[in-house]
Each structure stands twice: as C-alpha cells, then as structure tokens.
Amino acid sequence: MRLLIDSNAFLWWSEASPRLGTSARQAIGDPANEVVISIAALWEITIKTSLGKLTVPSNIETMVMTQGFSVLHIDFDHLRRVAALPQIHKDPFDRLTIAQALCAGIPIATADRTFAAYGVQIVW
C-alpha cells in the first residue's frame with residue numbers, strides 16, 4: 001500500500017509519540033508499504049520551526065531520509081484539485097495534502113477528521 005502521511009503523523013512517528021494512532025503506526029512501520037510525505041507538509045513544518053512554534057529534533061531532510069520516506073512533490077493536477085475542493089478545511093497545507101491524496105487515490109495517515117469530509121481514506 002502507498003500511504004501519505006500528514007505533518008503531525010510524520011512528527012509523531014519520528015518522535016515515537018503515543019499520540020500517533022495505532023493503525024497509522026502499524027501502516028507506517030510496515031516495510032511492505034511505501035510511505036510518502038507531501039512537500040507541503042514539510043514546508044509547513046519548516047515555516048512553523050522558523051517561527052519558533054515548533055521544534056524538530058534534526059534537519060527535515062535527514063528525518064525524511066532516515067525514515068526511508070519518499071517526498072510527494074506538487075504538480076499541476078494537485079493544484080487543479082485544490083482549486084476544485086469545497087471550502088471545508090481552511091488550512092492551505094492540509095488542503096494540498098488532501099488534493100494530492102485524491103489525485104493519487106491513496107489514504108492519508110492523519111488525526112484530522114476533517115479530511116474525511118473530502119472522501120479520502122483515513123488511516124489512524
């Protein structure tokens with residue numbers, strides 16, 4: 001299975017936090033799964049870190065590579081999908097992540113239940 005993880009799932013996985021849902025932890029840890037993180041989530045983490053709202057244990061690139069995750073880049077299909085999304089969720093990073101999951105037809109590991117309103121499969 002291919003699995004897209006949001007910023008919180010990424011950070012909680014990296015920290016081995018108990019806040020990460022059991023199903024998400026199992027899916028991320030399953031070596032048969034391809035785990036991807038959106039460049040939008042990484043951008044969000046970088047912005048929050050630079051503003052002092054978040055502390056990460058090491059360089060974001062190192063964290064992604066150490067975990068063996070792939071990065072999902074933004075393309076024009078994703079942008080078109082974002083533009084067509086109803087205004088249920090207001091966070092632009094989350095909206096882009098939702099659009100990417102819809103375009104790729106893959107589930108998202110997220111604690112944010114608002115994502116489900118868009119018809120994406122949630123793993124938590």
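The values are calculated or read from the model by the stated rules, or taken from the named source; none is laboratory data. In this text the structure is predicted, and so the values were computed from the model without any measurement. Here the Cβ is made from the backbone with ideal geometry for all residues, glycine too, and neighbour counts use every protein chain on show.
Here are some notes:
- The listed residue being among the β-branched types (Val, Ile, Thr), farther than 22 Å from Arg25 by Cα, without any contact (Cβ under 8 Å) to a residue 40 or more places away in the chain and surrounded by 15 or more Cβ atoms within 10 Å (Cβ to Cβ), out of Ile45, Ile74: Ile74
- Check on Ile88, farther than 19 Å from Ser17 by Cα, more than 15 Å from the chain's Cα centre (by Cα) and part of a loop (DSSP other than H, G, I, E, B): yes
- Within the range 59-71, if we keep just the residues that are closer than 21 Å to Ala27 by Cβ and part of a loop (DSSP other than H, G, I, E, B), the residue that is farthest from the chain's Cα centre (by Cα) turns out to be Gly68.
- Of the residues making up the range 94-111, those that are in contact (Cβ under 8 Å) with a residue 60 or more places away in the chain and either crowded, with 18+ Cβ neighbours inside 10 Å or within 11 Å of Ile5 (Cα to Cα) (or both) number 10.
- Cβ-Cβ under 8 Å pairs, at least 6 apart or on other chains, the range 21-32 side in contact (Cβ under 8 Å) with a residue 12 or more places away in the chain, far side assigned to a helix (DSSP H, G or I) and not aliphatic (A, V, I, L, M): Ala24/Trp13; Arg25/Trp13; Ile28/Trp13
- Residues (in a loop (DSSP other than H, G, I, E, B) and without any contact (Cβ under 8 Å) to a residue 40 or more places away in the chain) located in the range 9-19: Ala16, Ser17, Pro18
- Check on Ala41, part of a helix (DSSP H, G or I), out of contact with any strand residue (DSSP E or B) (no Cβ under 7 Å at 6 or more places or on another chain) and under 26 Å from Val82 (Cα atoms): yes
- Selection from the range 92-124 of residues that are assigned to a helix (DSSP H, G or I), touching a strand residue (DSSP E or B) at 6+ places or on another chain (Cβ under 9 Å) and either farther than 18 Å from Trp13 by Cβ or aromatic (Phe, Trp, Tyr) (or both): Phe93, Leu96, Ile98, Gln100, Ala104, Arg113, Phe115, Ala116
- Residue match in the range 49-58 (condition: in a helix (DSSP H, G or I) and either touching a residue at least 12 places away in the same chain (Cβ under 8 Å) or of a type in the set (D, E, K, R) (or both)): no
- Residue match in the range 87-95 (condition: modelled with pLDDT of 95 or more and under 21 Å from Asp30 (Cβ atoms)): no
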